[in-house]
Structure formats: structure tokens, C-alpha cells
Amino acid sequence: MIMINTKTLILSTILSVGALAGPGAAQQPARKFELQPISPKLSTLIPATTKLETVAAGFGFTEGPVWDPAGFLYVSDEEINKIFRVNISDGRKEELIALGDPDGNAYDRQGRLIDCASVLRAIIAISKDGKYEVLADHFEQKKFNSPNDVILGPDGALYFTDPTLDLPKGAKQELPFQGVFRLDKNGQVTLLTKDLTQPNGLAFSPDGKKFYVDDSEQRNIRVYDVAGDGKLTNGRIFGEEPGEKNDGVPDGIKVDREGNLFVTGPKGIWVWSPDGTHLGTIAMPEQPANLSWGGADLSTSLRHHGLKRVGFGPAQVFLLLLSAHLATL
């Protein structure tokens with residue numbers, strides 16, 4: 001777990017403003033970026049001067065943003081079936097690999113890019129030259145469903161969710177459940193829980209004693225205590241994120257150094273305190289699918305290059321300039 005001084009939250013979005021508009025949308029106000037506080041504490045995390053910048057557009061369906069200190073981030077495009085390296089300074093994107101329905105990404109303890117490869121139904125490691133290695137694709141001789149999101153745990157193992165949300169068309173579900181798994185350095189896969197109907201985003205608390213995972217179908221966030229042997233215990237509902245059908249569902253999760261949760265959900269990003277209090281929502285013009293912390297140098301770069309972009313493409317990468325506080329990657 002890396003500690004950085006951060007001012008920036010990177011978001012991947014999945015729908016354009018036009019795509020959000022269904023029949024009769026002409027009578028509906030367009031979504032816009034705004035802070036919607038419920039608790040005064042929200043302003044201590046996100047000041048009223050917070051701005052939203054568009055740094056790259058022209059994607060199909062973006063997911064899994066992962067920040068690289070060199071000044072770019074990796075982004076999966078599930079519609080175009082590629083993972084891109086996006087230069088934050090000018091929005092240029094370079095193809096890293098063509099891969100069927102890539103999803104969530106993370107770095108492992110070796111610094112390799114790890115991807116949830118939905119079509120392969122596998123967790124893979126991708127080298128800088130675009131080649132990949134399958135790390136795991138089954139549990140108890142049965143294929144995974146469609147791995148969705150992955151994180152590096154404080155113990156150095158990879159943790160990932162395996163819903164059926166992106167199960168390839170015509171493919172047979174072999175596992176009789178949708179699980180949350182742990183993959184250790186030796187390739188051993190351990191089932192942590194199968195309590196959720198469609199597990200999606202996941203994160204640890206800063207001290208590693210709590211584990212969060214959201215359920216996109218049930219529209220809630222669950223929290224577990226982490227036992228000394230890495231097992232999850234005492235699963236319970238942490239928070240609910242209700243919404244209308246087209247508002248979006250709980251998806252990506254990031255936790256800051258103070259233990260506050262930033263969870264993509266209906267109409268934007270829901271901010272939660274460690275005790276499960278909904279502090280407010282960062283309303284977004286497009287529905288975000290996932291998010292990633294970026295470093296302080298990124299904020300400096302933005303000011304230096306004067307990035308002020310407007311307009312919305314089919315899907316974009318946004319930068320949300322937050323208050324300066326220590327956060328966890």
C-alpha cells in the first residue's frame with residue numbers, strides 16, 4: 001500500500017450525457033457537476049472550489065483507471081476491447097493491448113499491471129510490451145465467471161470480485177455463485193465470500209482490518225472484519241446506494257487515509273465516513289464507473305499545461321481536483 005500526498009481523483013465514465021437521456025429526455029434537466037453535501041464534513045474533504053477537468057475523450061466504455069507516477073494512467077475500454085495508456089498532459093492515448101472486454105486494473109507487488117480479463121475469464125498480468133500471462137482462471141476446476149475488479153491487499157496478495165456482469169455471451173457459468181477471491185503469490189486461489197449477488201468494487205481500510213465490497217445488484221456496500229489469517233468475518237451492510245434504473249449502481253471504491261470511502265454510485269460519487277455515514281455526493285455529468293487516486297505532481301502538471309476542456313464524448317476520463325490530504329493508492 002503506497003502513501004502519497006494527493007489532490008486529484010481520476011474518474012472513468014461509462015456513458016455520455018446523450019446516452020443517459022432516454023425517451024422523453026427533452027423534459028429532463030441535463031446532469032451537471034456539483035457537490036451535494038449532507039454533512040458539513042464533506043467540505044473538509046472536498047472544498048467548494050473543486051473543479052472537474054476533462055483530459056481525454058473518444059472512448060467507448062471506460063473502466064479500471066490506474067495512475068502511474070510517470071504522468072499517465074492505464075484505462076480499460078470494454079467496448080473497443082483495448083487497454084490504453086493515457087497521457088494526462090495532453091490527452092493522447094496509446095494502445096497497450098487489444099483484449100476482449102478488459103475490466104478493472106491494479107498493480108501487483110512486483111509493479112506489474114494486473115487486469116480482470118472478462119472474455120478470458122481470468123486474472124492476467126500485462127507486461128509493458130503488451131504481452132500477458134494468465135495468473136488464475138479457475139477455482140476448484142471451474143472457470144471464473146467474469147472477474148470485474150482487482151486490488152492489491154496489504155498482505156501483498158491480489159483480491160478480486162467475480163460477478164456474472166460480463167460473462168461472455170453464450171458462455172456457461174460453471175461456478176454456482178458470484179464470489180470474492182484472494183490470489184496469493186504462489187497462485188493459490190481462496191474463496192473469501194459468496195454472500196453477494198453481484199460483487200463489484202472492493203477496498204481495504206487504511207489499517208487493513210476492514211474489507212469493503214459493493215454489490216451492484218443489491219445496491220449496497222458490505223464491510224467485513226479481516227481475521228489474522230486473511231479470512232473475512234462478521235459481514236454486514238455498511239451503506240445503501242438506492243437510485244432509479246438508469247442512475248447507476250455501486251461500482252468502484254477508493255478509501256482515503258482517514259478511512260473515508262469514495263464509491264461510484266447513482267448519479268456520481270458517494271462519499272462515506274468510516275462509520276457508514278453518507279457525507280454527500282459528487283454529482284457527475286456522466287455516470288462514473290470507477291476511480292483512482294493520482295499524485296500531487298499531477299495537479300501541478302494540470303496548472304502548468306492549463307487544461308480547460310469542455311464538451312462530452314461517448315466516454316471520457318475526468319480529473320476531479322480535491323483537497324490536499326494523504327490518501328491511499
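Wholly within segment 116-162, which strands (runs of 3 or more DSSP E) include no fewer than the required count, namely at least 1 residues that are without any contact (Cβ under 8 Å) to a residue 40 or more places away in the chain and closer than 23 Å to residue 211 by Cα?
So the answer is 122-126, 158-162.
Taking the criterion of being farther than 20 Å from residue 176 by Cβ and surrounded by 21 or more Cβ atoms within 10 Å (Cβ to Cβ), would at least one residue in segment 139-146 satisfy it? No, that holds for no residue.
Among the residues of segment 116-132, is any among the acidic types (Asp, Glu) and surrounded by 14 or more Cβ atoms within 10 Å (Cβ to Cβ)? No: segment 116-132 contains no residue that is among the acidic types (Asp, Glu) and surrounded by 14 or more Cβ atoms within 10 Å (Cβ to Cβ). The selection criterion, being modelled with pLDDT under 80 and not basic (Lys, Arg), holds for residue 15.
Residues in segment 173-209 that are more than 19 Å from residue 270 (Cα to Cα) and either part of a strand (DSSP E or B) or of a type in the set (Ser, Thr, Tyr) (or both): 179, 180, 181, 182, 183, 189, 190, 191, 192, 193, 197.
The residues listed here are 220, 148; of these, the one that is of a type outside the set (Lys, Arg) and in contact with a Cys (Cβ under 9 Å, 6 or more places away or on another chain) is 148. Of everything in segment 93-108 that's in a loop (DSSP other than H, G, I, E, B) and at pLDDT below 95, which residue is nearest to residue 292 (Cα to Cα)? By that ranking, first place goes to 101. Remark: residue 285 matches the filter, which requires a residue to be touching a residue at least 60 places away in the same chain (Cβ under 8 Å) and over 28 Å from residue 189 (Cα atoms).
Rundown of residues vs (1) assigned to a strand (DSSP E or B); (2) farther than 30 Å from residue 277 by Cβ, yes/no style:
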{"site": "31", "(1), (2)": "no, no"}
{"site": "35", "(1), (2)": "yes, no"}
{"site": "48", "(1), (2)": "no, no"}
{"site": "52", "(1), (2)": "yes, no"}
{"site": "60", "(1), (2)": "no, yes"}
{"site": "75", "(1), (2)": "yes, yes"}
{"site": "84", "(1), (2)": "yes, yes"}
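Considering segment 38-69, and only residues there that are crowded, with 20+ Cβ neighbours inside 10 Å and small (Gly, Ala, Ser), the residue that is farthest from the chain's Cα centre (by Cα) turns out to be 56. Would it be correct to say that residue 77 is more than 27 Å from residue 156 (Cβ to Cβ) and acidic (Asp, Glu)? For residue 77, the condition - more than 27 Å from residue 156 (Cβ to Cβ) and acidic (Asp, Glu) - is met.
Matching residues to (1) over 13 Å from the mean Cα position of the chain (by Cα); (2) farther than 16 Å from residue 148 by Cα:
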| position | (1), (2) |
| --- | --- |
| 194 | yes, no |
| 199 | no, no |
| 217 | yes, no |
| 220 | yes, yes |
| 224 | yes, yes |
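Here is a yes/no grid of residues against (1) within 18 Å of residue 30 (Cα to Cα); (2) at pLDDT below 50; (3) not hydrophobic (A, V, I, L, M, F, W, C):
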{"site": "258", "(1), (2), (3)": "no, no, yes"}
{"site": "268", "(1), (2), (3)": "yes, no, yes"}
{"site": "282", "(1), (2), (3)": "yes, no, no"}
{"site": "288", "(1), (2), (3)": "yes, no, yes"}
{"site": "305", "(1), (2), (3)": "no, yes, yes"}
{"site": "314", "(1), (2), (3)": "yes, yes, yes"}
{"site": "324", "(1), (2), (3)": "no, yes, no"}
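Selection of segment 234-284 for residues being assigned to a loop (DSSP other than H, G, I, E, B), more than 13 Å from the chain's Cα centre (by Cα) and among the acidic types (Asp, Glu) yields 241, 244, 247, 258, 275. Are any of the residues in segment 233-244 at pLDDT 95 or above, touching a Ser or Thr at 6+ places or on another chain (Cβ under 6 Å) and closer than 24 Å to residue 146 by Cβ? The answer is no; no qualifying residue exists.
The values are calculated or read from the model by the stated rules, or taken from the named source; none is laboratory data. Note that the structure is predicted; figures quoted are calculated from it, not measured. Quick reminder, even Gly has a Cβ in these numbers, built from the backbone with ideal geometry, and neighbours come from all protein chains shown.
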